[in-house]
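Beneath this line is the structure, given in structure tokens, with notes to follow.
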Amino acid sequence: MLVLNRSEVQRLLPMPECIRLMEAALSALARGETQQPSRTAMRFEGGAVTLTMPAFVGTPAALGVKVISVFPKNHERSKDSHQGAVLALDPETGEVLALLEAGAITAIRTAAVSALATKLLANAEADDLAILGAGVQARAHLEAISAVRTLRRIRIWSRSIDRARHLAETAVAPTGVRIEVMTTAAEAVSEASIICTVTGSPTPVLMGERIAAGAHINAVGAHTPETRELDTTAVCRAKIFVDLREFALREAGELLMPIRERRLRTADIQAELGEVILGAHPGRRSSEEVTLFKSLGLGIEDVVAAWQVVTAARRLGIGTEIPLLA
């Protein structure tokens, strides 16, 4: 069994390649070439959760399972909130091929899917990026969105101004673009054409009246029925796209709360992202529409990314071999 740590995963999974892989995985989903049962969740005090996410993809062939824990209070311990591993299995024999650090895979593939959604749904001239949040996902999203749009302006807001400043000082921005730190979320999103919400907030940080006409939103941070980063007005203003309807209608608080308020219908979900890729849905219909991609993250994304990393690691001789059956 090959063991790959965080830095090795980061080295072997460059963002442009991961965006291409996510397009392939979501296309396979739309074609019915995947299996992924609902993820199981064990929940703990303080909003902590441990998730188990098995998945299979036919093309590109990949099989595996991710176990990931999200412990929000880890920041107080100087640890990442996301802790876990991906077990990559041989899709022909079921043999254990590799164990990979899951935090890096999760960060890169999540941002890559947001970049894919931006590529498909944002206006072609969108060049003003606002990121709400300043953690691992904020850094990954800055890299990912820069890969699909030529950015003119970048603004960051976080509940921790110190974390926002640190990100602005250490992140790699496109040449000639300065990362601005804003003191309020409203300032950050004012007239922004691309908005990424990547916070751990259980309550809305993005309000509908603050969103500019024609903006595209990637809502990433909330992942339970009881939490949301967007208020009802924001969601109801937007044309809504998801990674998978079934999971979104079970776990996405941004959608479930407006549905309970009778402000939103399940039929208001326009399409899954894979349907847009395959041309079954046109995506954005006008330059003035607000589009929203609600991301929950799928096991197929993890196993496809893991398979790519393992393949590259074998080719380059990277990682540590452990004789599992010795």
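None of the figures in this text is laboratory data; all of them are computed from the coordinates on show. Because the structure is predicted, anything quoted here is derived from the model rather than measured. Virtual Cβ from ideal backbone geometry, glycine too; neighbours counted across all protein chains shown.
Name the residues whose placed amide hydrogens come within less than 5 Å of the amide hydrogen of residue 97, ignoring near sequence neighbours (fewer than 5 apart) on the same chain.
Here the answer is 88, 89, 90, since their amide H atoms fall under 5 Å of that of residue 97.
So which DSSP H runs in the chain come out at 24 Å plus along the axis (Cα) with average Kyte-Doolittle of at least -1.0?
Membrane-span-like by this criterion, though nothing is claimed about a membrane: 102-121, 299-316.
Pull out a ≥ b ≥ c, the square roots of the eigenvalues of the alpha-carbon gyration tensor of the stretch 1-61, then state rounded if a/c is under 1.5, prolate if not and a/b is larger than b/c, and oblate in the remaining case.
Oblate, because a/c is 1.5 or more while a/b does not exceed b/c.
Could you order the peptides 36-43, 245-252, 142-149, 169-176 from most to least packed, using the average number of other C-beta atoms within 10 Å per residue?
Order by mean packing, descending: 142-149, 245-252, 36-43, 169-176.
Using a 7 Å offset from the Cα along the Cα-to-Cβ direction at both residue 61 and residue 265, what is the distance between the two label points in nm, to one decimal?
Inter-label distance under the simple model: 4.5 nm.
Is it possible to state the helix-based mean residue ellipticity at 222 nm for the chain, with each DSSP H run of 4+ residues giving -39500 (n - 2.57), the sum divided by total residues, to the nearest 500 deg cm²/dmol? What is it? Walk me through the numbers before you get to the answer.
On the way: 11 runs with 115 residues, N = 326.
Roughly -10500 deg cm²/dmol at 222 nm, from the helical runs in the chain.
May I ask for the distance between the Cα centers of the stretch 220-295 and the stretch 4-58, given as a whole number of Å?
20
Counting other beta carbons within 10 Å of each Cβ, put 162, 268 in order, fewest first.
Numbers: 162 10, 268 15.
Ordered by Cβ neighbours within 10 Å, fewest first: 162, 268.
Taking residue 119 as the anchor, which lysines have their alpha carbon closer than 28 Å to its alpha carbon, excluding any fewer than eight residues away along the same chain?
66, 239, 294
Would you mind ranking 44, 71 so that the residue whose beta carbon has the fewest other beta carbons within 10 Å leads the list?
Least crowded to most crowded, the residues run 44, 71.
Mind ranking 257-263, 217-223 by how tightly packed they are, going by the mean number of other C-beta atoms within 10 angstrom, highest first?
Ranking, from highest mean packing down: 217-223, 257-263.
Nearest 5 is fine: what % of DSSP beta bridges in the chain come out antiparallel, could you say?
50
Taking a ≥ b ≥ c as the square roots of the eigenvalues of the Cα gyration tensor of the stretch 1-157, is the shape rounded (a/c under 1.5), prolate (a/b larger than b/c) or oblate?
In terms of gyration-tensor shape, oblate.
Any idea what the alpha-carbon Rg over 2.2 N^0.38 Å comes to for the stretch 82-149? All intermediate terms of the calculation are to be shown ahead of the outcome.
Numbers: Rg = 15.5 Å, N = 68, 2.2 N^0.38 = 10.9 Å.
Cα Rg divided by the expected 2.2 N^0.38 Å: 1.42.
Tell me, Kirkwood radius of the stretch 36-90 from alpha-carbon pair distances, in Å?
12.4
In percent, what relative contact order does the stretch 223-326 have, based on Cα pairs under 8 Å that are 6 or more apart in sequence?
Computed over the stretch 223-326, the figure is 31 percent.
Using the charge dipole of the stretch 213-326 (Lys, Arg: +1 at Cβ; Asp, Glu: -1 at Cβ; taken about the Cα centre), state which of 230, 322, 215 has its Cα farthest towards the positive end.
The Cα lying farthest towards the positive end belongs to 215.
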